[in-house]
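So the structure is just underneath, and the comments pick up after that.
Since every read-out is calculated from the coordinates, none of them should be taken as a lab result. Since we're looking at a predicted model, the values are computed, not measured. In this analysis, Cβ positions are derived from the backbone assuming ideal geometry, glycine residues included, and neighbour counts consider all displayed protein chains.
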Amino acid sequence: MSSITFVDVLPIVIVLSVLLPLVIGCCRVACRRHWRQGSSPAKAPRAYREPPKEMSQRIISSTLTKVKIFTAHQQVLQGLAGVFQITWPPAFTEAMAYLKVFNFDFISILPIDCIFPYNFLSALVVRTVAPLVLVAILILLGRSARRHGREALGYLLTNGGIVLIFMVYPSVTQQCFRFFQIHNFDGSYGRFLSADYSVNVEGAAYKAMTPFAIAMVAVWPFGVPITIAILLWRSRTPLLEARRREQIVGGVYDEARWLAHVASRKQAGEQVDAVDEVGVDVEGFLWSLTESYRASAFFFEFIEYVLQKLTLVGLLVFFQQGSLEQLTLGLIICFTYFGLCCFLLPFSSKTDNFMACATQFSLFIAMLTAVIIQYGTEVPQTVVTILIVFAFVPAILAIVLSFQVAFNEMGINSCGVFWRPIGRAVQRVVFGTGRTEIKHTETVVASKATSSLSVTMSVTSASSIDPVGNETEQDGHI
């Protein structure tokens, strides 16, 4: 049997990525049309419609959020091989080479090998120090710009530093922990670094680098989540206020919508606190940490760093690599994070929540495949195909959902153009009702309502009550 390649699976990836949101949308439309056929009254129109932002700003913000979700997914997926010692099938390795750009690494960008030969120790210095220098430069430039009155530029530079930390954190965390992975050879061969057998643990170079590695572990794997927690805690007052307003008004918090709600309360004669009449002021440098989330889930960025990046890609390297215990813990972490995404729905957009759940389910499938690879005799080609499909579906799904958001912002109803015709067909097949039956049902309900109303009006006009309380007919006879 010939081995499968990435080129053979690519058509399946493209077709499934396009059909997945299409099928879900069709089923959603079909179910909604079926559930709304009852005699329950229609919902009253909303008294307030949220004013949209600028079209380009909303499209760019939504696209960047989807890119962020997919980048985090690829960073963790590509880091699984180094943590769990997984030998992926050649077709999957070839496929992942196309997405290696999302796993940001300074060693792969800077031509260090052209300047001087390096090993794991020198590469660790570059991987940890270079991002810190760039982040420090961006933050200092941002503070300088804000002092000179250029607030927008200052916050942009500061958020650039936060985005850079987001890009390099998984790879740097993994490399910091791999410094302490030691392989003991049998006999008198000695102890060497598992990541680089040219580094002797008993040598002077490794002992000299140990304090530096401990400091970098404190700065990167544990320092970054702690810093994020401190920043969110310091800004908890406006964030909790936004959460309270989100629960009162309903939906995603928007300042214009809240002020309109306060104005309607004042017109109704209610007493409004002075705090409710002003907007929520959150520091601009927290934009990249809280903008894409709902106000009630502003802490989710900290959960992502700790539960997914620190624990799954970092701390699990201290277990025996490839062991059943390590793989089981990885499966539990993936499933726990997938459950949190489905339960909390932390993002402010439905498409972002759907994509987050899809990417986490993809990681769970990858971990299951890793168990099959580690403890199976031979990996079937079907498993390789499924693995490649689930690795690439989130990428094309992000493109499809971004186009959908762009169409909706431009006034093009993508749901009505693509999903509703197929949804009606699905409704005819699944529920046995079509457009004719729906119209007939609506006609019957309307005729019953009209007949009952006419009977009530005739009884009311046929009789009346006199001031004494005696019932008299309308023509004057008793």
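Close amide-amide hydrogen proximity is noted between R150 and no other residue 5 or more places distant or on a separate chain, at a cut-off under 5 Å (H modeled in the peptide plane; Pro and chain starts excluded).
Projection of the Cα convex hull of the range 173-300, averaged over all directions and equal to a quarter of that hull's surface, yields 11.2 nm².
Based on the Cβ-Cβ distance from F335 to A81, what FRET efficiency comes out when R0 is 25 Å, to the nearest 0.05? Plugging the Cβ-Cβ distance into 1/(1 + (r/R0)^6) gives 0.80. Q321 to A256: FRET efficiency via 1/(1 + (r/R0)^6), r the Cβ-Cβ distance, R0 45 Å, to the nearest 0.05? Here the calculated transfer efficiency is 0.30.
Distance between the 7 Å Cα→Cβ label points at L64 and L164: 1.7 nm.
Of K68/K100; K66/K350; K100/K207; K266/K350; K309/K350, which sit over 22 Å apart, Cα to Cα?
Values: K68/K100 15 Å; K66/K350 11 Å; K100/K207 33 Å; K266/K350 32 Å; K309/K350 24 Å.
Over 22 Å apart, Cα to Cα: K100/K207; K266/K350; K309/K350.
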